[in-house]
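**Student:** What follows is a single structure, and I will ask about it in a moment.
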Amino acid sequence: MTPTDYEAIARDAGLERVGARPPLGAYLAEMWQRRAFATSLAMFRLQAQVSENRLGLAWIVLRPLLNAALYGTIFGIILPRDTRPDGVAFVPFVVVGVFIFEFFSKSFAEGARSIVGNASLVRSLAFPRMLLPVSHIVQQVLELIPMMLILAIIVIGFGQPITWWWLLIIPALILMTMFNLGIALLAARLTVHVRDLTQVIPLVTRLFFYASGIFYSLEEVLADQADWMLKAAQLNPVHDYITIVRDLMLEGINAPGWMWMVATGAAVATMVVGIVFFWLAEERYGHD
Amino acid sequence: MTDDLGKPTVVVDNLHIKYKTFTSGKTAAQNRSLLTRQRGIKVVHALKGVSFVAREGESIGVIGHNGSGKSTLMRSISGLIAPAEGRVFASSRPALLGVNAALIPRLSGEKNVLLGGLALGMTPAEINDKFDEIVGFADLEEFIDLPMKNYSSGMSSRLRFSIAMSRDHQILLVDEALAVGDKEFRAKSEARIRAMREEAGTVFLVSHSMKSILDTCNRVIWIDHGELKMDGDPREVVAAYTESK
């Protein structure tokens with residue numbers, strides 16, 4: 001008995017291999033077709049989160065506010081005054097930093113869990129996996145809207161004027177969203193390969209927290225250090241997004257023009273690398 | 001090959017599936033060392049070279065003991081697990097319907113219907129059109145606003161079945177989903193599966209209920225310890241399987 005040539009049968013009947021990763025263009029087109037899945041998932045998750053807590057939606061704002069209050073108090077007392085930027089109100093400075101950083105850290109943490117944490121969904125339904133990290137980013141953007149409103153109220157309350165410059169916050173945050181998406185995609189795939197990374201993510205977040213100058217001015221703190229240290233610290237995109245938003249909202253902070261270039265370059269590069277890196281392993285998700 | 005057979009819809013070619021699992025206990029303790037990277041990892045060879053061709057209008061029962069690899073076979077046919085070796089070909093993406101296929105437990109049935117439909121590639125308008133039909137088929141009108149975590153296992157499997165059946169599938173894989181429903185629902189869904197088979201679709205049905213296999217299937221595959229033990233007429237295969245127990 002000759003062994004049956006199954007491949008030839010499949011070829012003759014015009015069958016295609018199941019689960020084959022489509023080319024990038026087709027993959028992105030399929031994602032676009034199913035975009036409603038990502039946005040509805042984000043909305044529903046947000047609603048569920050709101051209805052489970054007594055204070056509901058308020059927590060989205062309360063959490064970073066409490067963080068800001070805590071860090072503001074502790075570091076306001078223990079750090080010397082010359083670590084603060086000159087001529088800037090300290091409270092709005094810290095609050096902007098904490099709020100914008102929260103957008104990064106939650107995107108990073110949720111993105112990293114988006115495949116590992118949705119294993120049952122991944123194992124039971126076939127859809128482009130990238131929709132899961134994307135839906136987490138959509139959720140973060142939805143949460144960012146009330147946060148930015150409260151932020152504006154606080155900043156105005158502390159006597160900062162509203163200017164036309166505020167409009168530029170929108171493109172700045174769009175760039176940051178692209179950057180966050182890239183980071184989320186990288187983290188989503190890496191945690192699938194090495195589960196241990198989920199243990200390290202809070203540590204990495206903390207590192208970014210200190211390196212981004214949330215409650216002190218990097219420029220002041222590193223003023224006496226070697227020149228390259230400040231240069232390196234300023235190349236951190238998270239620092240640049242925060243500084244740009246501070247520049248737009250607060251008086252006395254200036255983001256040099258090249259920060260916009262770093263912000264744009266990092267956004268595009270991280271997003272493209274993230275998308276390709278995530279797509280390359282499409283067939284592996286849900287395997288282990 | 002004779003010509004009166006239908007057109008092939010699924011071809012499974014020498015399929016091997018391996019799971020990597022972390023073991024604990026005796027096997028792991030024996031070679032425990034921080035330096036070896038593969039600490040406590042055991043490879044489970046779940047499927048060992050399964051091959052067959054499924055055709056239009058066939059409804060194939062898949063039987064075997066617990067842990068024999070039936071569910072693994074279903075998952076890999078639907079493309080949810082990548083094979084270690086071998087390939088699966090299909091005319092269109094097979095849809096898997098399983099008991100473990102939890103959607104999102106803390107959301108209401110209504111929202112799960114929406115999400116499930118969207119994930120299957122329907123547009124929001126299509127889901128809106130079919131919403132009443134889906135809920136009606138599952139018989140869950142009263143409970144559709146409750147979170148799915150409050151559903152009984154029968155209720156949630158009924159809802160999942162209705163969601164999956166709401167879209168026209170060429171190839172449907174049903175993994176013991178019918179076993180949990182009540183008698184009335186089982187009859188209704190078996191009728192639906194037969195109707196689908198007549199529309200030249202292909203259905204795979206994993207079940208431990210030989211009655212439901214004999215009632216709905218016109219071909220049976222017996223999987224034993226990851227290998228295809230028998231493939232053929234339902235009566236013969238079921239008889240051989242029952243005898244082996």
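**Student:** Determine the gain in length on full extension of the stretch A:Glu16-A:Leu149; use 0.36 nm per residue of separation and subtract their C-alpha separation, reporting nm with one decimal. List each step's numbers first, then the result.
**Tutor:** Numbers: separation 133, 0.36 × 133 = 47.88 nm, distance 5.04 nm.
Result for the pair: 42.8 nm of gain on full extension.
**Student:** Magnitude of the Cβ-charge dipole of segment B:89-235, K/R +1 and D/E -1, about the Cα centre, nearest 20 debye?
**Tutor:** Details: 18 positive and 22 negative charges, 60 e Å.
Computed charge dipole of segment B:89-235: roughly 280 debye.
**Student:** Continuing with this model, one more query. Compute the relative contact order of segment A:155-288 as a whole-number percentage, counting only Cα pairs closer than 8 Å that sit 6 or more residues apart in sequence. Intermediate results must be reported in sequence, preceding the final value.
**Tutor:** Working: 108 pairs, mean separation 57.6, N = 134.
Relative contact order, segment A:155-288: 43 percent.
**Student:** Dipole of the protein assembly as shown, Cα-centred, from +1 at each Lys and Arg C-beta and -1 at each Asp and Glu C-beta, to the nearest 20 debye?
**Tutor:** Working: 52 positive and 52 negative charges, 285 e Å.
For the protein assembly as shown, the charge dipole is close to 1380 debye.
**Student:** Same structure, new question: Comparing A:Ile78, A:Ile60, A:Ile115, which has the greatest mean-square fluctuation in the GNM of chain A with Cα pairs linked when under 10 Å apart?
**Tutor:** A:Ile78
**Student:** According to a simple spin-label model (label point 7 Å from Cα along Cα-to-Cβ), what is the distance in nm between A:Thr4 and A:Leu142?
**Tutor:** It works out to 4.8 nm between the two label points.
**Student:** Report the percentage of all Cα-Cα pairs in segment A:63-165 whose separation exceeds 18 Å, rounded to a whole percent.
**Tutor:** Numbers: 3126 of 5253 pairs.
Value for segment A:63-165 (Cα pairs over 18 Å): 60 percent.
**Student:** Please state the relative contact order of segment A:23-284 as a whole percent: Cα pairs under 8 Å, 6+ residues apart? Could the numbers behind the result be given before it?
**Tutor:** On the way: 284 pairs, mean separation 75.3, N = 262.
About 29 percent, as a whole number.
**Student:** Against the globular-protein guess of 2.2 N^0.38 Å, express the Cα radius of gyration of segment A:207-285 as a ratio, rounded to two decimals. Don't skip to the end; give the middle numbers.
**Tutor:** On the way: Rg = 15.6 Å, N = 79, 2.2 N^0.38 = 11.6 Å.
Dividing the Cα Rg of segment A:207-285 by 2.2 N^0.38 Å gives 1.35.
**Student:** Would you calculate, for chain A, the mean residue ellipticity at 222 nm contributed by helices, counting each DSSP H stretch of 4 or more residues as -39,500 (n - 2.57) and dividing by all residues, to the nearest 500? Intermediate results must be reported in sequence, preceding the final value.
**Tutor:** Values: 13 runs with 202 residues, N = 288.
My calculation for chain A gives -23000 deg cm²/dmol from helical runs alone.
**Student:** Put +1 on the Cβ of every Lys and Arg and -1 on every Asp and Glu Cβ in chain A; which of A:Gly97, A:Pro85, A:Gly257 then has its Cα farthest towards the positive end of the dipole?
**Tutor:** A:Gly97
**Student:** Can I ask one more? Go ahead and set up a Gaussian network model of chain B, Cα springs under 10 Å, then flag whichever of B:Ala125, B:Ala164, B:Ala84 fluctuates most.
**Tutor:** B:Ala125
**Student:** Give me D for segment A:11-114 in µm² s⁻¹, whole number, from Stokes-Einstein with Rh from the Kirkwood sum over alpha-carbon pairs, 20 °C and 1.002 mPa s.
**Tutor:** Numbers: Rh = 18.2 Å.
It comes out at roughly 118 µm²/s.
**Student:** Ranked highest first by the average count of other Cβ atoms within 10 Å around their residues, in what order do A:178-185, B:43-50 fall? All intermediate terms of the calculation are to be shown ahead of the outcome.
**Tutor:** Details: A:178-185: 26.1, B:43-50: 17.9.
Listed from highest to lowest mean packing, they are A:178-185, B:43-50.
**Student:** Then there's this: For a label point 7 Å from the Cα of B:Glu85 along Cα→C-beta, name the residues of segment B:207-245 whose backbone N is under 19 Å from it.
**Tutor:** Flagged as within label range: B:224-229.
**Student:** Give the order of B:Ser207, B:Ser244 when sorted by the count of other beta carbons within 10 angstrom, beginning with the fewest.
**Tutor:** On the way: B:Ser207 20, B:Ser244 11.
Result, fewest neighbours first: B:Ser244, B:Ser207.
**Student:** While we're on this one: Going by how many other beta carbons lie within 10 Å of each one, how would you line up B:Tyr19, A:Tyr241, fewest first?
**Tutor:** Working: B:Tyr19 15, A:Tyr241 28.
Neighbour counts put them in this order, fewest first: B:Tyr19, A:Tyr241.
**Student:** Would you kindly state how much longer the chain becomes between A:Trp228 and A:Leu55 on full extension, computed as 0.36 nm times their sequence separation minus their alpha carbon distance, in nm to one decimal?
**Tutor:** Working: separation 173, 0.36 × 173 = 62.28 nm, distance 4.62 nm.
Separation in residues times 0.36 nm, less the Cα-Cα distance, equals 57.7 nm.
**Student:** A follow-up question, please. Would you mind computing the Rg to Rh ratio of the protein assembly as shown from its alpha-carbon coordinates, Kirkwood style for Rh? Please list the in-between numbers first.
**Tutor:** On the way: Rg = 27.7 Å, Rh = 26.2 Å.
Taking Rg over the Kirkwood Rh, I get 1.06.
**Student:** For segment B:111-212, count the residues as N, evaluate 2.2 N^0.38 Å, and divide the Cα radius of gyration by that value, please.
**Tutor:** Values: Rg = 13.4 Å, N = 102, 2.2 N^0.38 = 12.8 Å.
Rounded to two decimals, the normalised Rg is 1.05.
**Student:** May I ask you to derive the relative contact order of segment B:8-244, considering only C-alpha pairs under 8 Å and at least 6 residues apart, and to give it as an integer percent?
**Tutor:** Relative contact order, segment B:8-244: 27 percent.
**Student:** For segment A:23-284, build the charge dipole from Cβ charges (+1 Lys, Arg; -1 Asp, Glu) around the Cα centre, then report which of A:Trp166, A:Leu230, A:Leu46 sits farthest towards its positive end.
**Tutor:** Among A:Trp166, A:Leu230, A:Leu46, the one farthest towards the positive end of the dipole of segment A:23-284 is A:Leu46.
**Student:** Got a sec to turn the phi values of segment B:8-15 into Karplus ³J(HN,Hα) couplings, 6.51 cos²θ - 1.76 cosθ + 1.60 with θ = phi - 60°, whole Hz, x for Gly and Pro?
**Tutor:** x, 10, 10, 10, 10, 10, 6, 7
**Student:** Considering only DSSP beta bridges where both residues belong to the protein assembly as shown, give the percentage that are antiparallel (nearest 5).
**Tutor:** Values: 25 of 42 bridges.
Expressed as a percentage, antiparallel bridges in the protein assembly as shown total about 60.
**Student:** How big, in percent, is the set of alpha carbon pairs in chain A lying more than 27 Å apart?
**Tutor:** Numbers: 19393 of 41328 pairs.
Looking at chain A, the distances longer than 27 Å represent 47 percent of pairs.
**Student:** A further question on this structure: Which angle from 0 to 90°, rounded to the nearest 10, does the C-alpha axis of helix A:237-249 make with the longest principal axis of chain A?
**Tutor:** 50
**Student:** Continuing with this model, one more query. Taking the Cα atoms only, what angle lies between the long axis of helix A:169-193 and the longest principal axis of chain A, rounded to 10 degrees?
**Tutor:** Taking Cα atoms only, the helix is inclined about 50 degrees.
**Student:** Let me ask something else about it. Let me confirm one metric for peptide A:48-54, namely the mean number of other chain beta-carbon atoms within 10 Å of its residues' beta-carbons. Don't jump to the answer; show the numbers that get you there.
**Tutor:** Working: counts 7, 1, 0, 2, 2, 0, 0.
What the average comes to for A:48-54 is 2.
**Student:** Let me ask another. Within 10 Å of each Cβ in A:23-34, how many Cβ atoms from other chains are there, averaged over the peptide? Write out the running numbers ahead of the final one.
**Tutor:** Numbers: counts 0, 0, 0, 0, 0, 0, 0, 1, 0, 0, 2, 6.
Averaged over the peptide's residues, the number is 1.
**Student:** Then there is this: Show the residues, 5+ positions off or on another chain, whose built amide H is closer than 5 Å to the amide H of B:Ile171.
**Tutor:** B:Ala95, B:Thr202
**Student:** Bin width 10 Å, origin at 0, all Cα-Cα pairs of chain B: what percent of pairs per bin?
**Tutor:** That works out to 7, 28, 32, 21, 9, 2, 0, in percent per bin.
**Student:** For the Cα atoms of chain A, what angle does the longest principal axis make with the long axis of helix A:35-52, in degrees from 0 to 90, nearest 10?
**Tutor:** 60
**Student:** Given 0.36 nm per residue, what is the gain on full extension from B:Lys42 to B:His225 after removing their alpha carbon distance, in nm?
**Tutor:** Values: separation 183, 0.36 × 183 = 65.88 nm, distance 1.69 nm.
Here the segment from B:Lys42 to B:His225 would lengthen by 64.2 nm.
Each reported figure results from applying straightforward, stated rules to the coordinates on display, with no laboratory input. Computed from a prediction, not measured in an experiment: that's the story for all the values here. Cβ sites come from the backbone with ideal geometry, for glycine too, and all protein chains shown count toward neighbours.
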